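First the structure, in the form of structure tokens, and then the observations on it.
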Amino acid sequence: MAAPILALQNARVTFGGGDLFSDISLGIEPGMRIALMGRNGSGKSTLLKALAGDIDLDGGERFRQSGIRVSYLRQQPDITPGITVHEQVAKGLKSREEEGDTGYLVDQVLAGVGIDGARRLETLSGGEARRVSLAEALVSEPDVLLLDEPTNHLDITTILWLEEELKAFKGALLIISHDRQFLKNLTNRLFWLDRGRLRTHGKGFAAFEEWSEEILRREEVEAKKLDKKIAEETDWSRKGITARRARNEGRLRALQRLRAERAERAAPVGSAKLNVKSGSKSGKLVIEAKDISKTYEGKDGQKHEVLRKFSTRIQRGDRVGIIGANGAGKTTLLKILMGELAPTTGTVTLGTNLTPAIFDQNRDSLDPDMSLWDTLADPGSGQLIVQGEVRHVVAYLRDFLFEDKQAKSPVRALSGGERNRLLLAKLLARESNLLVLDEPTNDLDMETLDLLQDMLSNYDGTLLLVSHDREFLDQLVTSTIVIEEGGRAAEYVGGYSDYMRMKKQAEAAPARAAKPKEAAERPAQPRKKLTYRDQRDYERLPAVIEELEKRIKTLETELADPALFTKNPDAFNKKAAELSTAQADKDNAETRWLELEILQEEIGGSESVYRNSLP
């Protein structure tokens, strides 16, 4: 075991009169590539600042081996207006001891991030400033690189470039990120900052869910053995990590079926009739675009084509992702498809009775002086309508991982991740059948990202999603529109990984290339036979689900009583706990039934028992 080159011993940092964390000891050794995990507000960024020497410890010691270079990428770009990009990045060379001209290193890294070194810093957008800070952190070729949300506001092309740079990086890495694919591709160690305690694991991020779930499960069993109530924060963490994992495994299978439906309908626009089936997921037209293009006149007087002759047909229930480099025209395409911007050529037809809900990049501001309760609900009743159902505001806030005591707190008391959660709660409460999300994952902590993915998986309307998060797209979309250089756009069935696979096939064998909107080829699965237990579960689960739905509806009605929380908070909490258990049981039952339904279909089974049980 190598000696650490950067370490903390019994570190303590206080915040707001209490310890943010204490007695934290860790060591970073050469070759370690660490994912630092933890819920929002747990102190991850503060821990990075302590390692970088940006803040003083309130207790304990920081150790840094002599001669070791440490670079730190902060969440917010730390740049100086009035100088050039090249001059800013060159500041990262100050830790190098070598003599001679090292300016070529600045040029190399700027070529990677795609920023002209002669530009003035005040002319940069937020995303460009982020790339400059990244270049400054990389240019010194440090022994330890500390990265706090390095992929925020980067497009996929730059994220892929950064991944390759970090794969070739010889030093140690410590990364905070909500980009799960980024962490999976780069890390071989886990640090988990959980309730003021640091846990470590000798595997990378891919092992985090299983490892953390097992820890929380052991804690729950131990607490029950001691006949103690499970701590509220432990229960919160368990719900945030464990419950969604089982549900999403089933929903991914359902997503594959939706992608198959999308592939069957992916004939060229104008050459096939619409497959209209009233009430079915693929039955109603939402948006049809034919040969749309968009041209702008630049400051140089020249015309610039940001979109060139693109066609698509989006039907009810489709989930369409849109990707491309920053400035490629993703938001422009979104506005054209929504009828907010006229195309230069071509036509866009919108379906009837559309009720859109739009989440834009700027995020509508919240009143900092209003409480969470008043932001969402009628102050008098404490109720709100969520997708046509009456909900009590406290119960609804629980769905978004807020604690009961936060309901009456002002918005200004929330962290950045919590404000994003509140914005999502406000948006998703609206009645809608078309949800438009433009970069919803920027600045989200991983808990909120998981929550958003979970809720979008349940959304039964149509989804348009602009995102640079590859795994988020893979988990949610039925097709992906890719905008490339020169305004060329094409649509592929599946998520980002499907698009990349078809692109590689095209590059390797042009004659046999997968064409846009061609279904991804998947190996045939061997036929299986339902076991006795499988058959029994398949037949009994619809009735179980039905009973749980009735129980859930009863509990939600009781919790919607505005007087219950005020008059008898213990009864409210008990019913809320019962509701959480019933919802988890229902989700588990639906996941199990869905797995069996898919298996039954694979072996050519009869019509779904559950479908046939419905009126």
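Throughout, read-outs are computed from the coordinates displayed, never taken from laboratory work. Everything numeric in this text was worked out from a predicted model, so none of it was measured. Backbone-built Cβ (ideal geometry, glycine too); neighbour counts: all protein chains shown.
So how do LYS503, LYS299, LYS586, LYS167 line up by other beta-carbon neighbours within 10 Å, fewest first?
Details: LYS503 14, LYS299 5, LYS586 19, LYS167 10.
Neighbour counts put them in this order, fewest first: LYS299, LYS167, LYS503, LYS586.
At what distance in nm do the modelled label points of LEU285 and ILE385 sit from each other, each positioned 7 Å from its Cα along Cα→Cβ?
Computed distance between label sites LEU285 and ILE385 equals 3.0 nm.
Could the peptides 403-414, 43-54 be put in order, highest first, of the mean number of other beta-carbon atoms found within 10 Å of their residues?
43-54, 403-414
Sort HIS153, HIS178 so that the residue with the fewest other Cβ atoms within 10 Å of its own Cβ comes first and the one with the most comes last.
HIS153, HIS178
Among DSSP beta bridges lying fully in the stretch 6-213, give the percent that are antiparallel, nearest 5.
Counting only bridges with both partners in the stretch 6-213, antiparallel ones make up about 55 percent.
Could you give the distance between the Cα centres of the stretch 160-196 and the stretch 363-440, to the whole Å?
Measuring centre to centre over Cα atoms gives 32 Å.
Can you give the relative contact order of the stretch 163-219 as a percent, counting alpha carbon pairs under 8 Å and 6+ residues apart?
Answer for the stretch 163-219 is 26 percent.
For the stretch 64-219, what percent of Cα pairs sit more than 22 Å apart?
Values: 5500 of 12090 pairs.
It works out to 45 percent of all Cα pairs.
Rounded, prolate or oblate: pick one for the stretch 380-464, where a ≥ b ≥ c are the square roots of the eigenvalues of its C-alpha gyration tensor, a/c under 1.5 means rounded, and failing that, prolate if a/b is larger than b/c, else oblate.
oblate
Quickly rank 286-292, 138-144 as a protection proxy: mean count of other C-beta atoms within 10 Å, highest first.
Result, highest mean Cβ count within 10 Å first: 138-144, 286-292.
List ASP56, ASP374 from most exposed to least, where exposure is judged by having the fewest other Cβ atoms within 10 Å.
ASP56, ASP374
Could you tally up the Lys pairs in the stretch 6-213 with alpha carbons closer than 28 Å? Skip any pair fewer than 8 positions apart unless they're on separate chains.
21
For the stretch 53-154, what is the Kirkwood hydrodynamic radius in Å, using each pair of distinct C-alpha atoms?
Roughly 14.5 Å, rounded to one decimal.
Taking the Cβ of GLU431 as the center, what net charge do the other residues with Cβ under 14 Å away carry, scoring Lys and Arg +1 and Asp and Glu -1?
Summing Lys/Arg as +1 and Asp/Glu as -1 gives +1.
Rounded to the nearest 5, what % of DSSP beta bridges with both residues in the stretch 140-210 are antiparallel? List each step's numbers first, then the result.
On the way: 5 of 10 bridges.
The answer is about 50 percent antiparallel.
Among the listed pairs LYS309/LYS335; LYS408/LYS567; LYS284/LYS426, which are separated by more than 25 Å between their Cα atoms?
The answer is LYS284/LYS426.
Which of ALA118, ILE176, LEU154 sits closest to the plus end of the dipole of the stretch 72-226, meaning its Cα is farthest towards the positive end, when Lys and Arg get +1 and Asp and Glu get -1 on the C-beta?
Of the candidates, ILE176 comes out farthest on the positive side.
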